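Let me begin by presenting the structure, written as C-alpha cells, before commenting on it.
The values are calculated or read from the model by the stated rules, or taken from the named source; none is laboratory data. Here the structure is a predicted model, which is why all the values come from computation and not from measurement. Glycine gets a Cβ as well: all are built from the backbone with ideal geometry, and neighbour counts include every protein chain shown.
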C-alpha cells in the first residue's frame, strides 16, 4: 500500500473481472510517428517518408512501441478513478497484428481479465489487463496482456480474491 | 525484401544464433524519467519526487516502457550493421524484475536466440532476440524476447534455416 486510500483511487477490491475501459480515439499524425521513432525506433519505414513510400507498406508506419505507449496513456486517462498501481510486472504476450499508418486512428478497450492475491505479497494484488487495440476499420492492430500490481485497501481481509 | 542489399545491412543470412550484442551503458537521469513518464506513464512514483520519496521505492523510478524503449534504441545503435528489419511481430515475454531508479545506469545484452524461415513468407525470416537488461550492480532489471521479421537476401535458397 502506497497510494492514498480515498474514493478517488481504485484499489484492488474496486476492480471487477470483466470490467472494460474504452480508450477513446487517437489519430497518429506523421509528425507524431517520426518524432517518437527518431528517438527510440529509427528504422526507415518509421522515419523516412521516401523510404517508407518505396517499402511494402507504402508509407510511414508507427513504431509498435508507440502504439503500446499510447494505449497505456489512454488507459490511464480513461480509467474511471486513479488506479492505485504499485507498478507493472510485465507482459505475458504482446502482438503487433497490423501496421498503424500515418493518419490512422487507434482506439480499443482494456478488459480486467483476472485479479488474484498471493500469500507472499498481501499488500498487493495482481491484476491482468487485456488490451485490444483497433484501428478506424475496427481491425485489431495490437493485443497485449499486462500484469500489474495494485494496492489492496484491506490486506487483512482475504475473502475476496483471497491469498492462495 | 525491402532494405537495400548492400554490405552495410545485416540480412537474415548474416545473423548467427548465439550472437550477442552489447548495449553499452545509459544513465537515466531524473529529468529523463520524468519527461518520458509525464507523456506516457504518469504515475506518481515516476513523475512526482515527493510522492516517490514517500513510496516503498523511496525515490523516482523509471517507467518500464522507458527501459524497453532505451533497450531497443541501444540495440539499433550497437548492432554491427544496419538490421534489414521488416518490423516486429511482438514479445513472447517481458518481465520487469527490478525497478530502475533515477541515476541508475542500465546496459546488458541482446542475444540472437533463434532464427527460422516459414513457407508462407519466404522473403522474411523470423529472428528471436532475447534482451537481458541489467543495472550498474549487474542485476537484471528487465528481460524480454522479441520476434522480428528480417529480410532474406536470397529467398530462393532454402538450405539455411530452410522453410518448414
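Could you check region A:1-16 and list, in sequence order, the residues that are surrounded by 13 or more Cβ atoms within 10 Å (Cβ to Cβ), in a loop (DSSP other than H, G, I, E, B) and within 21 Å of the chain's Cα centre (by Cα)?
Correct list: A:3, A:11, A:15.
Could you tell me whether any residue of region A:143-156 is modelled with pLDDT of 95 or more, in a loop (DSSP other than H, G, I, E, B) and farther than 19 Å from residue A:12 by Cα?
no
Going by the conditions given, is residue B:76 facing another protein chain (nearest Cβ under 9 Å) and assigned to a loop (DSSP other than H, G, I, E, B)?
The answer is no for residue B:76.
How many residues does region A:35-55 contain that are crowded, with 19+ Cβ neighbours inside 10 Å and farther than 21 Å from residue B:150 by Cα?
Qualifying residue count, region A:35-55: 1.
Pick out the one residue from A:80, A:122, A:155 that is surrounded by fewer than 20 Cβ atoms within 10 Å (Cβ to Cβ), touching a residue at least 24 places away in the same chain (Cβ under 8 Å) and within 29 Å of residue A:63 (Cα to Cα).
None of the other options fit; the residue is A:80.
Can you confirm whether residue B:85 is within 15 Å of residue B:148 (Cβ to Cβ) and either within 12 Å of chain A (Cβ to nearest Cβ) or buried (at least 20 other Cβ atoms within 10 Å of the Cβ) (or both)?
Criteria met by residue B:85.
Report yes if some residue within region A:101-108 is over 17 Å from residue B:64 (Cβ atoms), in contact with a helix residue (DSSP H, G or I) (Cβ under 8 Å, 6 or more places away or on another chain), more than 12 Å from chain B (Cβ to nearest Cβ) and at pLDDT below 95; otherwise report no.
Scanning region A:101-108, I find no residue that is over 17 Å from residue B:64 (Cβ atoms), in contact with a helix residue (DSSP H, G or I) (Cβ under 8 Å, 6 or more places away or on another chain), more than 12 Å from chain B (Cβ to nearest Cβ) and at pLDDT below 95, so the answer is no.
Mind listing whichever residues of region B:96-119 are in a loop (DSSP other than H, G, I, E, B) and touching a residue at least 60 places away in the same chain (Cβ under 8 Å)?
Correct list: B:100, B:102, B:103, B:104.
Return a yes/no flag: does region A:95-103 have any residue that is touching a strand residue (DSSP E or B) at 6+ places or on another chain (Cβ under 9 Å) and closer than 28 Å to residue B:61 by Cα.
We begin by selecting, within region A:95-103, every residue touching a strand residue (DSSP E or B) at 6+ places or on another chain (Cβ under 9 Å); these are A:95-103.
If we keep only those that are closer than 28 Å to residue B:61 by Cα as well, we get A:95-96.
The answer is yes, given that some residue of region A:95-103 is touching a strand residue (DSSP E or B) at 6+ places or on another chain (Cβ under 9 Å) and closer than 28 Å to residue B:61 by Cα.
Suppose we filter region A:26-68 for residues that are without any contact (Cβ under 8 Å) to a residue 24 or more places away in the chain, at the interface with chain B (Cβ under 9 Å from one of its Cβ atoms) and out of contact with any strand residue (DSSP E or B) (no Cβ under 7 Å at 6 or more places or on another chain); how many remain?
Qualifying residue count, region A:26-68: 7.
Among the numbered criteria (1) outside any helix (DSSP H, G or I); (2) facing chain A (nearest Cβ under 9 Å); (3) crowded, with 18+ Cβ neighbours inside 10 Å, which single criterion is violated by residue B:93?
Unmet condition: (3).
If you go through region A:113-139, how many residues are in contact with a strand residue (DSSP E or B) (Cβ under 8 Å, 6 or more places away or on another chain) and over 15 Å from residue A:74 (Cα atoms)?
14
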